[in-house]
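Student: Quick one: the structure is below, and I'll ask about it shortly.
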Amino acid sequence: PLPPQTASGSHPRGLYLLFATEMWERFSYYGMRAVLVLFLTKAMMMDKAFASKFYGGYTSLVYLTPLIGGFISDRYWGNRRSITVGGLLMAVGQFTLFAAANIYGTPASHWLLYAGLGMMIVGNGFFKPNISSMVGSLYSAGDTRKDAAYTIFYMGINLGSFIGNTITSLIGDTGHPGDFRWAFLACGIAMVLGTAVFNWGKGKYLHTPEGVQLGLTPAHSGGVKGIFALLPVLFALVLGILWLDSAMFPTIAPLLGIALVAIGFMIFSDKSLTGADVQGIMVIFIVSFFVVFFWAAFEQAPASLTFFADEQMDRTIFGYELPASIFQNLNAIFVVAGAPLVALVWTALGKRGTEPASPVKMAMGLALLAAGYLVMCFGVHNLVPGVKVSMFFLVALYFLHSAGELCLSPIGMSLVNKLAPVKFASLLMAVWFLANAAANYLAGYMSSLYPDPKSTKPAPVLLGFHITSLYDFFMVFVVSAAVAAGLLFLISGRL
Ligand code: GLN
């Protein structure tokens, strides 16, 4: 017999189990990412441009592997096994980074760095898509609590990000390169905790309202063990791609293109789709394209914006100098505080019949993103060398970016959910992930154009424009986000 399901508030207890698991995992992901570029530049002695591209390659692949992990989970492993294997792989990955940071700067530390990130990329592929899809499975099809459940889950993501980022900034980003290891150790422990919590509670709490256990390995799945043999292959592949892309020639961008064409072909070659289905799917592709411009600018946070906070910004508050990496936390804080507010605004507008349509909300998200960088442009305009910028500008930027995220990210996800024909639901979610992968790759590339005052190399060039100052650099994002916002707004009626 199963225990009663709704004893905790009005949501099934399984939601809180997934909340806790995802919170620890996001602690680990965002906590590590927060200090990554600083570790790469200050301990591993990479230059900023290389570290930026490396960061972009890593985060891009993190969004690409869920395509494979989701597929293996659906066919062979089920959610539970995938989450556990993914969680453990990510934990070992973080401990490998810990080992790398203990001997930073040596040739061996470089290999450990690649190996650790490779394990986290593969692990995330198994973890992330499965944990997100389990949230919805806890409820019956028409349950109205589903939206609220995903909002609560999004809070867990950002709570984890907040705690993780705070801890890794304080113990890792201290000014002593040797201390970065403590950040990675903390992330490894967090990942072990997340996996342990999940395994402690999965049998008790992960079932449908009718009591059917969720996420089990499909009974007829013969190749369960065989898939384990695939892991080293996948790992070697990821390592090769990461290494090739960062060291020699761009591999990830063409890979993303191939994935997009393959998915498009799988979907559009299906003759059973109705005209309305095809239109819905086209909307998903179009919206995903615009989303690339959003995340590419937004994900500067752990890259160029952290370089900026580190070198160009006055971080002293009450006589204490804050670590540069801690400012990324503002995003999690603003999201947790702002999510209920934004929901209230939509409901209030809805009551008056003036709630904007989803593409309009997403265009607003892009416009807020442009506004954030515009504020930053005021801060760095005619900057005198040696003078540091007030932190006000970065705080305002994160405020506007978080507001933009709340207009775009949850809305986009649910739009994909609503428009996708059931048989292509996961594949179209993959298109959304693919947009994230492309955006993160682009984010790394854009951050590599950060004008480093200390660099002796010629100014970076983008489409013929020389980026000679921080003003130029941030203006690129103002223009790209504003143009994307304008275009999306113009076509929103048709969408
Ligand atoms: N912050 C959210 C998460 O970590 C969404 C990120 C994204 O879609 N790029 O899950």
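Student: Checking the condition in a loop (DSSP other than H, G, I, E, B) and surrounded by 18 or more Cβ atoms within 10 Å (Cβ to Cβ), which residue from TYR441, TYR450 passes?
Tutor: It is TYR450.
Student: Given the options GLY105, GLY87, GLY78, name the one that is within 16 Å of the ligand (Cβ to nearest atom) and out of contact with any strand residue (DSSP E or B) (no Cβ under 7 Å at 6 or more places or on another chain).
Tutor: Only one candidate passes the filter, namely GLY87.
Student: Kindly indicate the residue of the stretch 393-438 that is of a type in the set (Val, Ile, Thr) and in contact (Cβ under 8 Å) with a residue 12 or more places away in the chain and also nearest to ASP270 (Cα to Cα) among those meeting that condition.
Tutor: Only one residue fits best here, namely VAL431.
Student: Kindly indicate which of VAL461, VAL483, VAL478, VAL431 is β-branched (Val, Ile, Thr) and within 25 Å of LEU419 (Cα to Cα).
Tutor: Testing whether each residue is β-branched (Val, Ile, Thr) and within 25 Å of LEU419 (Cα to Cα) leaves just VAL431.
Student: Also: Restricting to the stretch 195-222, name every residue that is within 13 Å of ASN79 (Cβ to Cβ), modelled with pLDDT of 90 or more and aliphatic (A, V, I, L, M).
Tutor: Once the filter is applied, which keeps residues that are within 13 Å of ASN79 (Cβ to Cβ), modelled with pLDDT of 90 or more and aliphatic (A, V, I, L, M), the stretch 195-222 yields only LEU206.
Student: Residues being in contact with a Lys or Arg (Cβ under 9 Å, 6 or more places away or on another chain) and within 16 Å of the ligand (Cβ to nearest atom): count how many of those fall in the stretch 135-161.
Tutor: Number of matching residues: 8.
Student: Pairs needed: first member in the stretch 57-79, over 12 Å from PHE127 (Cα atoms); second member anywhere, within 16 Å of the ligand (Cβ to nearest atom) and part of a helix (DSSP H, G or I); C-beta distance under 6 Å; at least 6 residues apart or different chains.
Tutor: Taking only residues 6 or more apart or on different chains, the pairs are THR59/ASN440; SER60/ALA437; SER60/ASN440; SER60/TYR441; LEU61/ILE121; LEU64/ALA437.
Student: From the list GLY69, GLY57, exactly one residue is in contact with a Leu (Cβ under 7 Å, 6 or more places away or on another chain), assigned to a helix (DSSP H, G or I) and crowded, with 24+ Cβ neighbours inside 10 Å. Which is it?
Tutor: Every option except GLY57 fails the conditions.
Student: Considering PRO410, PRO356, PRO385, which residue is closer than 30 Å to ILE281 by Cβ and part of a loop (DSSP other than H, G, I, E, B)?
Tutor: Answer to the check: PRO356.
Student: Taking the options GLY78, GLY136, GLY125, name whichever one is within 25 Å of MET266 (Cβ to Cβ), of a type outside the set (D, E, K, R) and crowded, with 24+ Cβ neighbours inside 10 Å.
Tutor: One residue alone meets the criteria, GLY125.
Student: Right, next: Condition check: out of contact with any Ser or Thr (no Cβ under 7 Å at 6 or more places or on another chain), crowded, with 21+ Cβ neighbours inside 10 Å, in contact (Cβ under 8 Å) with a residue 60 or more places away in the chain and not charged (D, E, K, R). Does PHE198 satisfy that?
Tutor: Against the criterion (out of contact with any Ser or Thr (no Cβ under 7 Å at 6 or more places or on another chain), crowded, with 21+ Cβ neighbours inside 10 Å, in contact (Cβ under 8 Å) with a residue 60 or more places away in the chain and not charged (D, E, K, R)), PHE198 does not qualify.
Student: Which of the following residues is among the small types (Gly, Ala, Ser) and under 29 Å from ASN165 (Cα atoms): ALA276, ALA262, ALA303?
Tutor: None of the others qualify; the one that does is ALA303.
Student: Okay, moving on. Name every residue in the stretch 262-313 that is under 30 Å from PHE392 (Cβ atoms), in contact with a Phe, Trp or Tyr (Cβ under 7 Å, 6 or more places away or on another chain), within 16 Å of the ligand (Cβ to nearest atom) and assigned to a helix (DSSP H, G or I), in order of residue number.
Tutor: ALA297, the sole residue that qualifies.
Student: May I ask you to list pairs of residues, at least six apart or on different chains, whose Cβ atoms are under 6 Å apart, with the first in the stretch 106-132 being over 15 Å from MET46 (Cα atoms) and touching a residue at least 24 places away in the same chain (Cβ under 8 Å) and the second being within 16 Å of the ligand (Cβ to nearest atom) and of a type in the set (Phe, Trp, Tyr)?
Tutor: LEU117/TYR58
Student: Same structure, new question: Inside the stretch 464-493, can you point out the residues that are part of a loop (DSSP other than H, G, I, E, B) and in contact with a helix residue (DSSP H, G or I) (Cβ under 9 Å, 6 or more places away or on another chain)?
Tutor: ILE467, SER469, SER492, GLY493
Student: Any residue at all in the stretch 224-231 that's surrounded by fewer than 18 Cβ atoms within 10 Å (Cβ to Cβ) and under 23 Å from the mean Cα position of the chain (by Cα)?
Tutor: Checked against the condition, which is being surrounded by fewer than 18 Cβ atoms within 10 Å (Cβ to Cβ) and under 23 Å from the mean Cα position of the chain (by Cα), the stretch 224-231 yields at least one hit.
Student: Separate question: Pairs only if they're at least six apart or on different chains, beta carbon under 7 angstrom, first in the stretch 444-468 and under 13 Å from ALA297 (Cβ atoms), second among the β-branched types (Val, Ile, Thr) and in a loop (DSSP other than H, G, I, E, B); list them, first residue then second.
Tutor: Close Cβ pairs (under 7 Å, with a partner that is among the β-branched types (Val, Ile, Thr) and in a loop (DSSP other than H, G, I, E, B)) amount to LEU449/ILE467.
Student: While we're on this one: Would you mind telling me which numbered condition in (1) on the phi < 0 side of the Ramachandran plot; (2) out of contact with any strand residue (DSSP E or B) (no Cβ under 6 Å at 6 or more places or on another chain); (3) not charged (D, E, K, R) LEU463 fails?
Tutor: Exception for LEU463: condition (1).
Student: Of the conditions (1) modelled with pLDDT of 95 or more; (2) within 25 Å of LEU442 (Cα to Cα), GLU311 clears all except one; give me its number.
Tutor: (1)
The values are calculated or read from the model by the stated rules, or taken from the named source; none is laboratory data. Since the structure is predicted, the reported quantities are computational estimates derived from the model, not experimental observations. Note that each Cβ is placed from the backbone with ideal geometry, even for glycine, and that neighbours are counted across all protein chains shown.
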